Amino acid sequence: MATLYRKYRPQSFSEVVGQNHIKLTLEYELKSGRLAHSYLFCGPRAVGKTTLSRVLAKSLNCLNRPEDSAEPCNHCQNCLEIISGAALDIIEIDAASHTGVDNVRENIIAGARVSPSTMKYKVFIIDEVHMLSSAAFNALLKIMEEPPAFVVFVLCTTEVHKIPSTIISRCQRFDFKKISVMDIVHKLDYILNAEGIAAEKGVLEAIARYSGGHMRDAESVLGQILALAERKREDQLLTITVEQAELVIPRSSLTQAIQLIEMLAIRDSGNAIRLVNLLVDDGYDLKTFLNDLIELLRQMLLLKINPELLPALGVDLGELITTQMLIVSEKINSTWCLKALQVLMPVRLAFKDTIFGQLPLEMAIVELSEGGVSKPTPVSPTSEPILTSQTKTVIVESCQPVPPSLGVSVSSNGGVVPFESTGALPDLNRILALWSDFISASKQASATLSFSLGVSRPIAVRGNKLILALKHKIHQERLAQVAVKSVAEEVLSRLCQTSMLIEAVLEEAPEILEVVEPVVLAPTASPANDPILDEMLKTFGGQVVG
Ligand SMILES: [Zn+2]
């Protein structure tokens, strides 16, 4: 189990997780034959740079690759040699241990002057290229300026600022990004499916968050959890429990942090202090809890300033936690967020020096609950669930009618003016084509509505009803609320030019399993040839695994 990363290393473009912008360009170049001689892959570690280099090397040399496809066959002699690491014409160099000019002359320049032994292209994959000395870079530059036709360089680095500009200007540069929690969860889910193992709710998201956007780390953590869990159980392991996961990764307190913010927002200091003490009794680390609390408040502040900031600047919390956060954030405003951050930051910074345990946090809670005037509610024995009836009322009220700029007419009394239906009923392909427009139009009506739509999957159109599948009950319930649903239906109807209804169902509902095959993880799908899948990938990011 410890080698999940090797066992499930992507072998084709469609299997590589995330990095869609890079894959699309490389695939186009391979199909059109317009290849560069030198590529620069830069970005954080463990996000797929070397993996994509090897897929590129295979596609360049695959004996069976059709002209209209970028994918290697993974079965021909060349593909198999490259997969096994035995290909003489694919030269992988770790620049961290070969920094000198002599190494570049011996390993790269001398090699690049000799034709490939069996393959069409000699591919030099130079990892950690920023470690080369300046003399070594100069030597490399000479061969990059006039490369033999059969040579392709792929330079990989985590520190692009250390690469001389003369080298950068010779390369086609690709900036790799950290992989989103949702993409990592999809890959981990795929691995578990293949291994015949399930995981309790929230486990995979917790692993993905802990890995910080690094795929290899996530797979390694999953491997460790499986190894430990298997050792602890004699019977066959069928489900990874939260307890087993917590043997390897720190217990997440994000859900409790959201609960605390909600209690503070309704000035329920009694239950808030009780929640903090329950966490201490349960052995949670208060420093981590405060970190989570501050990150969540920061994200809520960004959300209040401009929802567009969140994906760009916020830490990726995953689908479930983001939804909970969006719901609670509708109860507070930016001034309150700012005040809470101003009160909690010093508590966190002073935490290591305090000998009074949770007292500073309790004092902050009292301060945030209006100078200690707490709500006279009885303290409940356990923490309240996030979705109280009160929360639901707020959500419904906060879903404003769509502004006229979106193409939806709003009458003077705020009601939505009925429109004349002019279009024919759309089919699923038409819906998929409109999908990104639909999500951006609904974003202007409500950020949470747009988020819920973003994590849903259009799976069927029955008459004028669009069926959306959602993985989590919290999203499904949200989209099923009358006020939310009618805004979504209104936006959709305008886009489709005909009256449309929406029905939100859970992914695991038995009737849904019969309706559709899962698109994102379909093992046989070919994204290069499938317009529907292309549209799905464009809208959701993500990848096809398997
Ligand atoms: Zn092949």
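A few notes on this one:
- Every pair of residues 6+ apart whose Cβ atoms lie under 8 Å, when the first sits in region 119-133 and is closer than 14 Å to residue 49 by Cα while the second is part of a loop (DSSP other than H, G, I, E, B) and small (Gly, Ala, Ser): 126/95; 127/95; 127/96; 128/95; 128/96; 129/95
- Scope region 17-42; condition within 22 Å of residue 91 (Cα to Cα), crowded, with 20+ Cβ neighbours inside 10 Å and modelled with pLDDT under 95; matching residues: none
- Filter pass, residue 128 being on the phi > 0 side of the Ramachandran plot, surrounded by 19 or more Cβ atoms within 10 Å (Cβ to Cβ) and assigned by TED's automatic domain parsing to the domain that holds residue 167: yes
- Scanning region 61-86 for residues that are more than 9 Å from the ligand (Cβ to nearest atom) and either among the β-branched types (Val, Ile, Thr) or open to solvent by less than 10 Å² (accessible area, probe 1.4 Å) (or both) yields 70, 83.
- Among the residues of region 211-229, those identified as under 22 Å from residue 15 (Cα atoms) and open to solvent by 30 Å² or more (accessible area, probe 1.4 Å) are 212, 216, 217, 220.
- Of everything listed in (1) modelled with pLDDT under 80; (2) touching a Leu at 6+ places or on another chain (Cβ under 6 Å), the single unmet condition for residue 482 is (2).
- Residue pairs whose Cβ atoms lie under 7 Å apart, separated by 6 or more positions or on different chains, with the first residue in region 260-282 and open to solvent by 40 Å² or more (accessible area, probe 1.4 Å) and the second in a helix (DSSP H, G or I) and at pLDDT 90 or above, are 273/362; 273/365.
- Here residue 30 passes the criteria (1) over 24 Å from residue 183 (Cα atoms); (2) among the aliphatic types (A, V, I, L, M); (3) part of a loop (DSSP other than H, G, I, E, B) except the one numbered (3).
- Any hit, region 223-235, residues being on the phi < 0 side of the Ramachandran plot, in a helix (DSSP H, G or I) and basic (Lys, Arg): yes
- Inter-residue pairs, beta-carbon under 6 Å, first of a type in the set (A, V, I, L, M, F, W, C) and in region 66-85, second within 8 Å of the ligand (Cβ to nearest atom) and assigned to a helix (DSSP H, G or I), 6+ apart: 73/79; 79/58; 82/58
- Check on residue 262, modelled with pLDDT under 90, acidic (Asp, Glu) and assigned to a helix (DSSP H, G or I): no
- Single condition residue 51 does not satisfy, out of (1) within 16 Å of the ligand (Cβ to nearest atom); (2) farther than 27 Å from residue 145 by Cβ: (1)
- Checking the stated criteria, residue 302 turns out not to satisfy the condition of being within 21 Å of residue 202 (Cβ to Cβ), outside any loop (DSSP other than H, G, I, E, B) and either touching a Cys at 6+ places or on another chain (Cβ under 6 Å) or open to solvent by less than 50 Å² (accessible area, probe 1.4 Å) (or both).
- Scanning region 330-345 for residues being in contact (Cβ under 8 Å) with a residue 40 or more places away in the chain and open to solvent by 50 Å² or more (accessible area, probe 1.4 Å) gives a total of 1.
- All positions within region 194-210 that are open to solvent by 30 Å² or more (accessible area, probe 1.4 Å) and not charged (D, E, K, R): 194, 196, 198, 199, 202, 210
- Residues in region 87-124 that are of a type in the set (Lys, Arg) and within 16 Å of the ligand (Cβ to nearest atom): 120 alone.
- If you go through region 56-83 and keep only what is hydroxyl-bearing (Ser, Thr, Tyr) and within 20 Å of residue 8 (Cα to Cα), you end up with just 59.
- Sole exception among (1) modelled with pLDDT under 95; (2) over 28 Å from residue 250 (Cβ atoms); (3) open to solvent by 30 Å² or more (accessible area, probe 1.4 Å) for residue 168, by number: (1)
- Which numbered condition residue 57 misses (of (1) under 15 Å from residue 127 (Cα atoms); (2) open to solvent by 10 Å² or more (accessible area, probe 1.4 Å); (3) within 16 Å of the ligand (Cβ to nearest atom)): (2)
- Residue 209 being within 30 Å of residue 271 (Cα to Cα) and touching a residue at least 40 places away in the same chain (Cβ under 8 Å): yes
The values are calculated or read from the model by the stated rules, or taken from the named source; none is laboratory data. Because the structure is predicted, anything quoted here is derived from the model rather than measured. Cβ atoms come from the backbone with ideal geometry, glycine included; neighbour counts cover every protein chain shown. In case anyone asks, the SASA skips ligands and DNA or RNA and just uses the protein heavy atoms, side chains included. Shrake-Rupley method; radii C 1.70, N 1.55, O 1.52, S 1.80 Å.
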